[in-house]
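The values are calculated or read from the model by the stated rules, or taken from the named source; none is laboratory data. Being a predicted model, the structure only gives us computed values, none of them experimental. Neighbour counts run over all protein chains shown; Cβ positions are idealised from the backbone, glycine included.
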Amino acid sequence: MASRSVHPKVIRNLRRLNSSAPSITVVPPLINPGRPEKVAKRPLQPTPTPSPPTTTADSASTSTNSSDFQLELDDTKRLFSSVSTPKLIKSASMLKISSYDRAADFGLWIMTSGLMNNPMVRKLVLAATEHTFYSHFCAGKDLEKASRTVEKLWDSGLGAMLDYGLEHATDNESCDRNLQEFLRTINSTKSVDSCQVSFVVVKITAICPPSLLRRVSDLLRWEQKDKSLHLPWKLKNLPVFSESSPLYHTMTRPPPLSREEEHDLELAYERLDKICKNSIEANKPLLIDAEDTAIQPAIDYFSYSAAIKYTGKEDDPLIFNTIQAYLKDAKERLVIAKKAADKMGVPVGFKLVRGAYMSSEKQFAASLGVKSPIHDDIQKTHNCFDDCAEFLLEEVARGSGSVVLATHNIESGRKAASKAISLGLERNNPYFQFAQLYGMAEVLSFSLRNEGFRVSKYLPFGPVEQIMPYLLRRAEENRGLLAASSIDRALMKKELLRRLTSPGS
């Protein structure tokens with residue numbers, strides 16, 4: 001087993017936490033492994049002026065100027081030190097195959113064809129998938145197998161974000177089943193090292209049918225247009241729109257929720273309440289997944305209302321809502337929500353991503369003859385992500401921010417790391433970390449880890465047959481990411497050649 005790539009300072013802090021624990025069993029806060037004990041809230045500080053960091057003996061990098069900061073990618077021996085040769089071969093192969101659009105197209109065709117009605121064909125397809133793509137991109141069939149993957153990640157210096165592979169619910173019965181899976185996932189984290197699992201991922205679409213989320217989104221959009229609209233079911237919330245947010249999904253005034261819809265909405269509230277209460281008990285913060293703009297306002301509404309109602313231990317955020325940087329209004333909505341939360345004294349975290357519904361969003365906007373909500377080109381999306389990351393890191397430095405920077409882009413990772421250093425943030429700061437999908441962007445994950453930053457892998461798990469639609473949807477959404485895995489493949493190939501030609505080194 002590879003040695004754990006964790007900074008000695010982290011281990012010292014963990015020991016201090018363990019030695020000072022009270023007699024009752026208390027799980028240390030999940031989002032801050034190795035974090036020094038706190039006795040009060042973080043005091044708010046003025047936004048610090050960036051300055052070159054001071055080099056210390058504990059520094060993970062030899063760079064003394066943040067503007068010169070670079071991720072070390074050339075030393076593949078160090079980069080892939082925690083990866084066995086068989087694993088490296090399989091990873092390179094899976095990424096190569098996945099980089100072809102036809103691979104996703106073929107998978108979608110197989111799963112939706114009549115061939116899957118043949119028991120023999122179905123068995124063969126699922127078996128082949130389990131030993132190839134499934135085992136590369138997923139953690140296992142159940143919580144027991146997922147926990148073993150979590151331990152392997154931790155041994156390699158990475159945390160895990162547990163994501164039970166649930167698709168959209170269709171009715172209250174399926175919502176209740178999904179609720180139980182979320183609760184089991186949260187409770188399972190009590191039996192592992194509290195630092196190994198950084199977050200539990202929650203999909204609002206799994207506990208509230210998308211049809212109802214669409215209705216709620218329509219009414220929230222119309223309320224944005226007409227402030228006189230009264231929504232009797234609406235909970236205390238943070239802003240989910242900005243002045244530039246597109247409202248074209250709702251062209252006419254929607255009817256109010258029916259009595260049955262209000263009842264179903266109340267049941268969805270109760271499910272999220274149970275998830276939050278269990279999460280507090282387990283000391284595990286929640287990452288709320290984002291969806292397309294048709295239902296995202298309702299997801300933001302659920303997320304922010306829960307953030308107002310529930311906080312984690314030591315008043316740290318329990319809820320981390322997702323901001324999709326490919327949307328033109330992303331930065332404005334982020335700033336508005338954060339300022340409103342600060343004014344209310346509400347701790348809320350954010351997960352920053354680029355976004356995965358580019359094609360469908362553009363097509364729907366074009367069908368209505370309106371401007372796309374997506375940035376016009378990829379560079380503007382990159383710029384938006386980097387701007388949002390900078391804003392959130394400044395909030396962390398000020399003492400009021402918590403952020404997960406979920407990116408597969410090496411340059412964005414480098415810029416964010418450089419910004420953190422320039423702000424004087426410690427690299428193992430408990431209030432920010434990086435994240436990538438399991439089985440992808442290994443080069444970025446390992447290079448950030450080697451520089452001393454916190455990194456977690458987004459870890460889907462579940463039965464093969466159940467998770468197949470989830471996997472295919474991810475493949476469809478992430479075509480661009482899979483096609484852009486050339487850097488990972490090239491460096492994996494370089495390391496494999498090194499091991500082949502210098503087996504003893």
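Restricted to the range 221-235, and to residues there that are assigned to a helix (DSSP H, G or I) and among the basic types (K, R), the residue that is surrounded by the most Cβ atoms within 10 Å (Cβ to Cβ) is R221. Of all the numbered requirements in (1) farther than 28 Å from A416 by Cα; (2) part of a helix (DSSP H, G or I); (3) among the aliphatic types (A, V, I, L, M), A294 misses one, and that requirement is (2). For the condition closer than 24 Å to I487 by Cβ and more than 19 Å from the chain's Cα centre (by Cα), what is the one hit in Q379, Q433? It is Q379.
Per the listing M111, M120, the residue uniquely at pLDDT below 90 and either more than 20 Å from K457 (Cα to Cα) or surrounded by 15 or more Cβ atoms within 10 Å (Cβ to Cβ) (or both) is M111. Scanning the range 437-454 for residues that are closer than 25 Å to G399 by Cα and in contact with a helix residue (DSSP H, G or I) (Cβ under 8 Å, 6 or more places away or on another chain), which turns out surrounded by the fewest Cβ atoms within 10 Å (Cβ to Cβ)? Residue satisfying both the conditions and the ranking: E451.
From the list S93, S99, the lone residue that is among the polar types (S, T, N, Q), surrounded by 14 or more Cβ atoms within 10 Å (Cβ to Cβ) and modelled with pLDDT under 80 is S99.
On inspection, G312 passes the criterion of being modelled with pLDDT under 95, among the small types (G, A, S) and within 28 Å of A282 (Cα to Cα). Can you tell me which residue is farthest from the chain's Cα centre (by Cα) among those in the range 75-90 that are more than 17 Å from A490 (Cβ to Cβ) and buried (at least 16 other Cβ atoms within 10 Å of the Cβ)? So the residue we want is S81.
Residues that are in contact with a strand residue (DSSP E or B) (Cβ under 6 Å, 6 or more places away or on another chain) and small (G, A, S) were ranked within the range 377-403; the one that is farthest from T311 (Cα to Cα) is A389. In the range 361-374, the residues that are among the hydroxyl-bearing types (S, T, Y) reach residues that are modelled with pLDDT under 95 with C-beta atoms within less than 6 angstrom, at least six apart or across chains, in these pairs: S372/K362; S372/A365. As for the range 239-249, it holds at least one residue that is over 24 Å from R177 (Cα atoms), assigned to a loop (DSSP other than H, G, I, E, B) and charged (D, E, K, R).
Within the range 260-282, is even one residue at pLDDT 95 or above, within 24 Å of S147 (Cα to Cα), among the hydroxyl-bearing types (S, T, Y) and outside any helix (DSSP H, G or I)? No, every residue in the range 260-282 fails to be at pLDDT 95 or above, within 24 Å of S147 (Cα to Cα), among the hydroxyl-bearing types (S, T, Y) and outside any helix (DSSP H, G or I).
Contact annotation: residue pairs with Cβ atoms under 9 Å, 6 or more positions apart or on different chains, pairing a residue in the range 117-143 that is free of Cβ contacts under 8 Å to residues at least 40 places away in the same chain with a partner that is among the acidic types (D, E), are R122/E465.
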